[in-house]
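The values are calculated or read from the model by the stated rules, or taken from the named source; none is laboratory data. Model, not experiment: these values are computed from the prediction. With ideal geometry, Cβ positions are generated from the backbone for all residues, glycine too; neighbour counts draw on all protein chains shown. Just so you know, the surface numbers come from the protein's heavy atoms only, side chains and all, with ligands and any DNA or RNA stripped out. Shrake-Rupley method; radii C 1.70, N 1.55, O 1.52, S 1.80 Å.
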Amino acid sequence: MPETLTERVHIGVLVSGSGSNLQSIIDKIEAGTLDAVIRVVVSNNAGAYALERARKHGIPSVVLDHRDYPDRQAFDEAMIAVLREHSVELVVMAGFMRVLTSSFLQAFSMRVMNIHPALVPSFQGLHGQERAFRYGVKFTGCTVHFADEGVDSGPVIIQAVVPVFDDDTAEILAERILKEEHRIYPQAIQYYAEGNLEIAGRKVRLKRGAKVEYKALHNPPLTRF
Ligand code: GAR
């Protein structure tokens with residue numbers, strides 16, 4: 001008898017920094033709400049706090065410093081080897097600040113997820129939260145997508161929208177976005193674990209479609225119309 005109705009997907013998490021998204025995935029797995037197992041955490045930065053988080057939860061981790069490799073290809077091959085050794089099915093980039101080569105993406109075709117702190121295709125690349133703030137948008141948010149060879153440009157799996165308030169600072173807005181990142185990333189992984197994602201070109205849909213509650217949002221509010 002299987003432990004749960006859904007198989008637990010074997011994931012490898014790639015990190016470079018603080019690892020708060022890694023933490024949220026760990027917490028949901030430990031709470032029994034995310035059907036995944038983190039087989040390995042890979043960091044390109046030996047000083048990443050994410051490594052400490054992995055250690056505290058008894059999760060194996062490996063540091064591969066990209067500066068030790070002659071080129072991106074060699075670095076990515078080393079990552080592929082580590083992920084395969086740990087029988088990783090799904091690669092989860094969580095604040096991993098490197099673009100992957102096409103060989104890596106072929107090795108894990110449509111099995112690499114990434115998260116971006118903006119509603120792509122807006123504000124792709126670094127500091128998405130701050131650039132949205134400075135642009136003056138009234139709504140922004142975050143996106144989980146399948147990674148492709150571009151920067152934050154792959155097929156979108158799930159997005160969350162948050163408002164920008166007049167008295168926000170860039171830091172307050174970034175925190176509001178991060179809170180939602182911590183919800184949509186585990187959800188995207190859970191959809192994958194359930195075998196519920198269907199990819200057709202750029203479109204990712206739920207096989208067992210769910211109704212989205214719909215009510216238009218306005219910021220500032222409509223006072224008359
Ligand atoms: C997150 O906000 C993530 O969306 C962003 O890096 C942060 C990592 O935080 N990623 C990108 O900007 C990718 N373009 P974390 O290490 O605390 O999870």
*asked:* Which one, Thr223, Ala174, Val112, is farthest towards the positive end of the dipole of the chain when Lys and Arg carry +1 and Asp and Glu -1 on their Cβ?
replied: Thr223
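Once you list every other residue whose beta carbon is under 15 Å from the beta carbon of Phe146, what net charge do they have if Lys and Arg are +1 and Asp and Glu are -1?
Working: positive: Arg111, Arg202, Lys203, Arg205; negative: Glu89, Asp148, Glu149, Asp152, Glu198.
Surrounding charge for Phe146 is -1.
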*Treating the Cα atoms of the chain as identical point scatterers in vacuum, please give the log10 of the normalised Debye intensity I(q)/I(0) at q = 0.08, 0.11, 0.18 Å⁻¹, two decimals.*
-0.30, -0.56, -1.42
*What Rg and what Dmax come out for the range 1-106 when only alpha-carbon atoms are used, in angstroms?*
13.9, 48
*With label points built 7 Å along Cα→Cβ from the Cα atoms of Tyr49 and Ser102, find their separation and express it in nm.*
3.8 nm
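Using helices alone, I'd like the mean residue ellipticity at 222 nm for the chain: each DSSP H run of four-plus residues gives -39500 (n - 2.57), total over residue count, nearest 500. Working shown, then result.
Working: 6 runs with 71 residues, N = 225.
Calculated at 222 nm, the ellipticity per residue is -10000 deg cm²/dmol.
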*Under the Karplus curve 6.51 cos²θ - 1.76 cosθ + 1.60, θ = phi - 60°, whole-Hz ³J(HN,Hα) for the range 183-196, x wherever Gly or Pro sits*: 9, 6, 5, x, 5, 4, 5, 5, 4, 4, 4, 7, x, 9
*What ³J(HN,Hα) values, in whole Hz, does the Karplus curve 6.51 cos²θ - 1.76 cosθ + 1.60 give for the range 214-225 when θ = phi - 60°, with x put for Gly and Pro?*
10, 8, 5, 10, 10, 8, x, x, 6, 9, 10, 10
*Once both axes come from the Cα atoms, what is the angle between helix 20-30 and the longest principal axis of the chain, in degrees from 0 to 90, rounded to 10?*
70 degrees
*Among Ile59, Gln159, Ala147, pick out the residue whose Cα is farthest towards the positive end of the charge dipole of the chain, where Lys and Arg carry +1 and Asp and Glu carry -1 on C-beta, about the Cα centre.*
Gln159
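Order these peptides, 45-56, 85-96, 147-158, 205-216, by their mean beta-carbon neighbour count within 10 angstrom, highest first. Before the final figure, lay out the partial values.
Numbers: 45-56: 16.6, 85-96: 20.6, 147-158: 18.2, 205-216: 7.6.
Highest mean packing first, the order is 85-96, 147-158, 45-56, 205-216.
List the equivalent ellipsoid semi-axes of the range 134-199 in whole Å, largest first, each obtained as the square root of 5λ for an eigenvalue λ of the Cα gyration tensor. Walk me through the intermediate numbers first.
Details: eigenvalues 136, 39, 15 Å².
Calculated on Cα positions only, the semi-axes equal 26, 14, 9 Å.
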*In nm, give the distance between the simple-model label positions of Lys215 and Ala170, each being 7 Å from the Cα along the Cα-to-Cβ direction.*
3.3 nm
*Write down the accessible area per residue of the chain in Å², having rolled a 1.4 Å probe over the full set of protein chains.*
55 Å²
_To the nearest 20 Debye, how big is the dipole of the chain about its Cα centre, given +1 on the beta carbon of each Lys and Arg and -1 on that of each Asp and Glu?_
600 debye
*Give me the distance between the Cα centres of the range 122-198 and the range 94-109, rounded to whole Å.*
19 Å
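Please work out how much length the chain gains when fully extended from Glu7 to Leu222, using 0.36 nm per residue of separation minus the C-alpha to C-alpha distance, in nm with one decimal.
Details: separation 215, 0.36 × 215 = 77.40 nm, distance 4.62 nm.
Full-extension gain reported as 72.8 nm.
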*asked:* Cut-off under 30 Å on the C-alpha distance; same-chain residues fewer than 8 positions from Lys215 excluded. Which lysines are left, in chain and number order?
replied: Lys28, Lys138, Lys179, Lys203, Lys207
*How big is the range 86-157 by Rg and Dmax over its Cα atoms, in Å?*
13.0, 44
*So between Ala200 and Lys138, what do we pick up on full extension, going 0.36 nm a residue minus the alpha carbon distance?*
19.2 nm
*What's the FRET efficiency of His127 with Ser87 using the Cβ-Cβ distance as r and R₀ = 22 Å, to the nearest 0.05?*
0.05
_Distant-in-sequence amide H partners of Thr140 (H built 1.01 Å from N, under 5 Å)_ = Val162, Val164
*Along the three principal axes, how long is the range 105-225 when you take its alpha carbons, biggest first, rounded to the nearest angstrom?*
47, 32, 23
